[in-house]
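Single-structure report; data block below.
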Amino acid sequence: MSRSVLVTGGSRGIGLAIAGAFKAAGDKVAITYNSTEPPPGFLAVKCDVTDTEQVEAAFETIQAEHGPVEVLVANAGITKDTLLLRMSDEDWDAVIQTNLSGSFRVARRAAKGMLRMRKGRIVFISSVVGLLGSPGQVNYAASKSGLVGMARSMARELGSRGITANVVAPGFVETDMTAVLPEETQKQYLGQIPLGRFGLTEEIANAVRWISSDEAGYITGAVIPVDGGIGMGN
Ligand code: NDP
């Protein structure tokens with residue numbers, strides 16, 4: 001059955017691949033974008049996830065076009081990497097506001113409709129960095145591990161109403177976000193990945209689509225690594 005799916009930050013990278021996977025499966029897919037011109041083929045709504053009013057307005061538009069959101073993928077995210085002692089309050093706040101508070105805002109809004117429908121799927125895009133830590137990414141790692149506690153609390157709060165909340169934790173995936181990393185850093189990561197290569201956006205998308213499917217109906221509060229093995233055991 002065709003569901004109303006929302007992918008935040010669906011204008012490029014992993015989010016766009018996730019949106020494509022749901023569309024290919026026959027769902028009605030909305031994406032939000034912030035600064036990048038969105039690609040055609042989706043219901044694209046401009047929405048900065050750091051702004052509660054914009055989030056509210058986006059959900060209203062999507063609901064009018066596609067019906068209440070049944071699958072939410074909180075994917076929008078940024079990095080502002082620097083070493084701890086150089087990290088400004090602004091660097092910290094921007095990353096927490098977008099990655100953690102932004103995900104909270106959209107999940108809170110989505111849950112409203114899901115509770116009425118007594119069904120729903122919430123998927124947070126975290127990162128292996130949230131579990132392993134990473135020098136220069138104190139803000140990013142905190143935002144990404146925060147998603148785990150948030151998802152698990154929502155899983156407990158919403159489970160009795162048929163709503164699942166899960167986390168997908170990608171490893172190193174080739175996108176704009178990772179293209180800016182120095183070649184030396186990329187080489188170091190590569191050496192630590194058991195599968196010996198970086199991930200493809202489609203590989204993350206497939207896991208997200210599956211965890212949102214009926215087949216995964218008994219999975220909630222889980223952290224699913226899609227990381228070539230780099231985070232094994234965490
Ligand atoms: P990109 O930088 O390629 O894309 C980021 C997306 O987030 C864009 O669509 C962007 O929208 C959106 N976005 C950023 N800030 C905001 C905001 N304030 N409000 C709304 N949307 C916003 O990133 P990736 O595709 O690489 O990453 C997607 C997710 O996956 C992120 O959460 C990231 O942390 C996570 N991840 C990525 C990994 C990787 O190796 N690439 C590894 C692990 C996790 P716009 O362009 O329109 O501004």
What part of the accessible area of the range 1-123, given as a whole %, is carbon or sulfur when the probe is 1.4 angstrom? 51
What list of ³J(HN,Hα) couplings, whole Hz, do you get for the range 65-80 from phi and the Karplus terms 6.51, -1.76, 1.60, once you set θ to phi - 60° and write x for glycine and proline? 8, 10, x, x, 5, 9, 10, 10, 10, 8, 10, 3, x, 9, 10, 9
Provide the packing ranking of 114-125, 46-57, i.e. peptides ordered by the mean count of other C-beta atoms within 10 Å per residue, highest first. 114-125, 46-57
The range 1-58 versus the range 76-95: alpha-carbon centroid distance in Å: 25
Result for the range 74-117: accessible area per residue, probe 1.4 angstrom, in square angstrom, of 54
Give the share of C-alpha pairs in each 10 angstrom bin for the range 113-229, from 0 to the last occupied bin, in whole percents, shortest bins first. 13, 41, 30, 13, 3, 0
So which of 23/119; 80/112; 46/144 end up more than 26 Å apart by C-alpha? 80/112
Helix 201-211 vs. the chain, principal-axis angle (Cα, 0 to 90°, nearest 10): 50
What value in Å³ per residue do you get for the convex hull of the alpha-carbon atoms in the chain? 119
Using a/c under 1.5 as the rounded threshold, could you call the range 88-127 rounded, prolate or oblate? The axes a ≥ b ≥ c are square roots of the C-alpha gyration tensor eigenvalues, and prolate needs a/b larger than b/c, oblate otherwise. oblate
Let's test the formula: R0 of 45 Å, r as the Cβ-Cβ distance of residue 52 and residue 206. What FRET efficiency results, to the nearest 0.05? 0.90
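The values are calculated or read from the model by the stated rules, or taken from the named source; none is laboratory data. All values reported here derive from a predicted model rather than from experimental measurement. Cβ: placed from backbone, ideal geometry, glycine included. Neighbour counts: every protein chain shown. These area figures cover heavy atoms from the full protein model, side chains too; ligands, DNA and RNA do not enter into them. Shrake-Rupley method; radii C 1.70, N 1.55, O 1.52, S 1.80 Å.
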